[in-house]
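Working notes for the structure below.
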């Protein structure tokens, strides 16, 4: 036996370890008599609840499923209507966003810097109510005001004679009616491209606003289901 082992034996470390191991073993064996019955009871309760669930599923009819789906759909539409029409619910207020927050999270502003410089009045209209933290229908209406301002701020489309000439090619360039039709077609196409870019940004922003509404609906549904589960558990405990 080495010097370290001899020193440990002299200090009683080995005997202390043996004592602690024996004490742990005794307590484990003593508690085992309490732990095993508790585990058996938990297993029995779980088996009973599983049997009840299986019985409910076996007795479930298509009519009952349709009724459950119908009630869920009604709750969903009711919560969505509240989100659109407006609510003082703290859960809805917590989802509100300022205009800057909405733009940062939802794809950017509808009114570009160039368009804002072109129309100062439209730029001011687009930022109207921007500091307010809005949600749901109010947030949607603010977005539509921004969209209207962005459309009004679009610059006029310019069609140069060379654009018409290039578009006509070898066609009858001396026919005034034909020249006018080509010029109108070019103007309409460029206007559609301008407006299409704004509409594309509007679509992304609308998706963001709708996701905020749906998040409120999901949270409301989860809260209602949790309350129902708590009431059922309380009723069961009272009945038991």
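Things to note:
- Label assignment, P(r) over Cα pairs in 10 Å bins from 0, in percent derived from the structure, set (1) 7, 26, 31, 20, 10, 4, 2, 0; (2) 6, 16, 14, 13, 12, 11, 10, 8, 5, 3, 2, 0; (3) 7, 32, 37, 19, 5, 0: (2)
- Whole-Å distance, taken between Cα centres, linking the range 148-169 and the range 71-98: 43
- Taking each residue as 0.36 nm, the span from residue 181 to residue 165 lengthens on full extension beyond its C-alpha to C-alpha distance by 4.5 nm.
- Subtracting the Cα-Cα distance of residue 234 and residue 128 from 0.36 nm times their residue separation leaves 33.2 nm of extension gain.
Values quoted throughout were computed directly from the atomic coordinates according to the rules given, and no laboratory measurement underlies them. Nothing here was measured: the structure is a model prediction, and the numbers come from that model.
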